[in-house]
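Undergrad: Attaching a single structure in structure tokens format; questions to follow.
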Amino acid sequence: MKKYLGAVLVGVMALSTALVAAPTPSKWLSTVTVTDKGAYILGNPAAPNKVVECLSYTCGHCAEFEVKEAPAFKAKFVATGKASLEIRNMVLNPVDLTAAMLARCGGKGKFFGNQRHLLATQAIWSGNAKNISAATRDKLKAQDYTGFMVGTFDEIGLGPIMQQRGITPAQAKTCLANKLAFNAVIGMTESGSALGVRGTPAFLVNGVLQDHIHNAAELQAVMK
């Protein structure tokens, strides 16, 4: 009996040690702030390195960076408080605008997860752009942007994509009609053009536009 109890105590102590030693998620990976321009920033607001990514949700290179490079960058620099990551929209086309509006659905707590999901599933929904009807395209010509985005949402299959993020079609369509969000997305696009951004993804590191960065290693090379 004593041997049994001793073995149990050893097991409990080992489990307690493991629980204490287990790494906890960095608070910076769940710290999101919003700029006065409507951009979302992940990480330490006072980080010594301020990285800005200008992206398009229909850009293949942006999807590749999000899936293959961003996790390592976030783990090494954002999680440790060494860098913050700000996302600014650089809208390239009306379908991109639709996705950009959906990424903002649910507020700052959902933004980075929404973004990752939209970019990870990009090949699914962007490949359906051919399904956008003439009636929906006519709304774009009439500058009924909300009507176009709602039609696009239905016709290219963005409903199921957003439901996987816990956002219902009704909630998504409310987001697509958000004028403040629309103005923020368009404003960031115009500001990016004024800064000289010509392609996506484009990065600014500590205020300096970098036109040669394609991976986390190249980002690290220009940081403090």
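Undergrad: Please pick out the residue among Ala72, Ala63, Ala120, Ala100 that is of a type in the set (Gly, Ala, Ser), in contact with a strand residue (DSSP E or B) (Cβ under 6 Å, 6 or more places away or on another chain) and closer than 29 Å to Lys27 by Cβ.
TA: Matching residue, one of Ala72, Ala63, Ala120, Ala100: Ala100.
Undergrad: How many residues, within region 87-118, are in contact with a Leu (Cβ under 8 Å, 6 or more places away or on another chain) and either closer than 16 Å to Val67 by Cα or not in a loop (DSSP other than H, G, I, E, B) (or both)?
TA: Residues that pass the stated criteria total 12.
Undergrad: Identify, please: which residue in region 27-46 is of a type in the set (S, T, N, Q) and touching a Gly at 6+ places or on another chain (Cβ under 8 Å) and is, among those, surrounded by the most Cβ atoms within 10 Å (Cβ to Cβ)?
TA: The qualifying residue surrounded by the most Cβ atoms within 10 Å (Cβ to Cβ) is Asn44.
Undergrad: Considering only residues that are in contact (Cβ under 8 Å) with a residue 24 or more places away in the chain and open to solvent by 50 Å² or more (accessible area, probe 1.4 Å), which ones fall in region 47-67?
TA: Pro48, Lys50, His61, Val67
Undergrad: Please verify whether region 139-147 includes one or more residues that are assigned to a loop (DSSP other than H, G, I, E, B) and within 22 Å of Val67 (Cβ to Cβ).
TA: no
Undergrad: Also: Look through Ala194, Ala135, Ala181 and report the one residue that is over 30 Å from Ile213 (Cβ atoms) and either in contact with a helix residue (DSSP H, G or I) (Cβ under 9 Å, 6 or more places away or on another chain) or open to solvent by 70 Å² or more (accessible area, probe 1.4 Å) (or both).
TA: The match here is Ala135.
Undergrad: Another question, then. If we keep just the residues of region 73-118 that are touching an Asp or Glu at 6+ places or on another chain (Cβ under 8 Å) and of a type in the set (Lys, Arg), which is surrounded by the most Cβ atoms within 10 Å (Cβ to Cβ)?
TA: Among them, the one singled out is Arg88.
Undergrad: Looking at (1) within 28 Å of Val34 (Cα to Cα); (2) touching a Lys or Arg at 6+ places or on another chain (Cβ under 9 Å), find the lone condition where Trp125 falls short.
TA: (2)
The values are calculated or read from the model by the stated rules, or taken from the named source; none is laboratory data. Predicted, not measured: the structure shown is a model, and the values here were computed from it. As a convention, Cβ positions derive from the backbone with ideal geometry for all residues, glycine included, and neighbour counts pool all protein chains shown. Please note that ligands, DNA and RNA were not included when accessible areas were found on the heavy atoms of the full protein model with its side chains. Shrake-Rupley method; radii C 1.70, N 1.55, O 1.52, S 1.80 Å.
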